[in-house]
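Worksheet: the structure to be examined is printed underneath.
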Amino acid sequence: MKHTMIEYDNLNKVNKPFADELKNAFRDVLDSGWFILGKNVELFEYEFAAYVGVRHCAGVASGLDALILSINAVDIPKGSEIIVPSNTYIATIFSVVQTGNTPVLVEPDIRTYNINPDLIEAAITKNTRAIIVVHLYGKPCDMDPILSICKKHKLYLIEDCAQAHGASYMGKMTGSFGDIAAFSFYPSKNLGCLGDGGAVTTNNPDFINKVKMLRNYGSNIKYNNIYVGMNSRLDEIQATFLRIKLRHLDAITEHKRCLAKIYHEKINDKFILPYEKEGFKDVYHIFNIRHELRDELRQHLLMHDIRTEIHYPIAPNRQKALTFLNHLSFPVSEEIHRTTLSLPVSTFHSVDDINKVAAVLNSFHA
Ligand SMILES: Cc1ncc(COP(=O)(O)O)c(C=O)c1O
């Protein structure tokens, strides 16, 4: 039998189908001699806003910057408390700390891995100004109860959509629920560029104007600086790549959802699979399973030449960078970190690859 390794990801293979288009686009930008804030960024912003179903978009340098700029745009007084999920990639929490605010961590629902709406109100104090929801792994959060809480307590809603391009809740796109939303186009994302990139989406013209100034030295007229801004612009070259890949995003999503369906059908009940609920369209940026003996399981797969990842091995409250959280305990989040394993689910994986992963998983005897 032919011996083939099943990779977790391979960004060369991911971009291969678009290689000719990307090379032509590179040539066009090179020939234009215009590299910062030009027509490609403007067109991408217009097209991405239309895709998400909002009025405005601003291209920025990364997902972390998109979060920082979002917090700064909604004008929260420094030292505010911002509610964040305890189970997220660390960037969400860093954005709160780096803007001079205090992250208040709320546990996820053990089935969805997303923030548990039932636990949010208990975390609200007179200093709370915003909630950041994270649509983790590409699964939308339970938005209706969260929107009601924001309305009742007059809190800004910021969405971290870094893993959720094209995901939707009851037919409405993630990135269109919040006062403002942050996206990452890190190369491995479902919509990834060939370097770092990010975007902010919103329906609020004041917020987008502020983001557009803050990303560009606090300026919208050359050498006229209104805010102490950043240099956080999406490059023209990345914008042109993103315009190409945005046209393929729905096909990328469908491929991943098709592979995920096979996992759901084939993997046996020894493993905890992603929770699927009517109306929550998951784009499976990550397809994770959970198992008590995660590390042994990972080894078992590796012995059969199947590569996996762990998103994430260390909970944010256990990270050295966040010592002020180290004394706190988040048992649900820590349980997820202890047991989660991410399976191959990329655009270059075939149905045969996924069937093989499922069969090898099912042969794991603990
Ligand atoms: C949930 C989440 N938020 C924010 C980010 C930050 O994005 P970037 O790496 O583009 O700064 C990421 C990226 O990995 C992420 O997964």
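A compact table of results
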{"item": "Which listed residue, of Leu293, Leu341, Leu297, is buried (at least 19 other Cβ atoms within 10 Å of the Cβ) and farther than 21 Å from Tyr89 by Cα", "result": "Leu297"}
{"item": "The range 127-155 residues that are under 14 Å from Ala181 (Cα atoms), paired with ones that are at pLDDT below 95 and outside any strand (DSSP E or B) (beta carbon under 9 Å, 6 or more apart)", "result": "Ala130/Ile76"}
{"item": "Answer residue from the range 73-100, given it is polar (S, T, N, Q), more than 17 Å from the chain's Cα centre (by Cα) and within 16 Å of the ligand (Cβ to nearest atom) and is surrounded by the most Cβ atoms within 10 Å (Cβ to Cβ) among those", "result": "Thr99"}
{"item": "One residue from Ile131, Ile158 being more than 22 Å from Thr253 (Cβ to Cβ), more than 14 Å from the ligand (Cβ to nearest atom), outside the structural domain of Pro316 (by TED's automatic domain parsing) and surrounded by 18 or more Cβ atoms within 10 Å (Cβ to Cβ)", "result": "Ile131"}
{"item": "Counted residues, the range 183-203 - those being of a type in the set (Ser, Thr, Tyr) and either surrounded by fewer than 20 Cβ atoms within 10 Å (Cβ to Cβ) or within 9 Å of the ligand (Cβ to nearest atom) (or both)", "result": "3"}
{"item": "Some residue of the range 164-182 being within 13 Å of the ligand (Cβ to nearest atom) and part of a strand (DSSP E or B)", "result": "yes"}
{"item": "Residue match in the range 214-231 (condition: assigned to a strand (DSSP E or B), within 16 Å of the ligand (Cβ to nearest atom) and under 26 Å from Ile83 (Cα atoms))", "result": "no"}
{"item": "Criterion: touching a residue at least 40 places away in the same chain (Cβ under 8 Å), at negative phi and under 21 Å from the mean Cα position of the chain (by Cα) - qualifying residue of Gly38, Gly63, Gly53", "result": "Gly63"}
{"item": "Failed criterion for Leu136 (all others in (1) away from the ligand (no atom under 11 Å from the Cβ); (2) touching a Phe, Trp or Tyr at 6+ places or on another chain (Cβ under 8 Å); (3) among the aliphatic types (A, V, I, L, M) hold)", "result": "(1)"}
{"item": "Residue that is touching a residue at least 40 places away in the same chain (Cβ under 8 Å), under 18 Å from Arg290 (Cβ atoms), buried (at least 16 other Cβ atoms within 10 Å of the Cβ) and not aliphatic (A, V, I, L, M), where the choices are Glu309, Glu334", "result": "Glu309"}
{"item": "Filtered residue count, the range 228-257, keeping only those that are free of Cβ contacts under 8 Å to residues at least 24 places away in the same chain and exposed (fewer than 14 other Cβ atoms within 10 Å of the Cβ)", "result": "4"}
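The values are calculated or read from the model by the stated rules, or taken from the named source; none is laboratory data. Note that the coordinates shown come from a computational prediction; the quantities given were computed from them, not determined experimentally. No Cβ is skipped: glycine too gets one built from the backbone with ideal geometry, and neighbour counts run over all protein chains shown.
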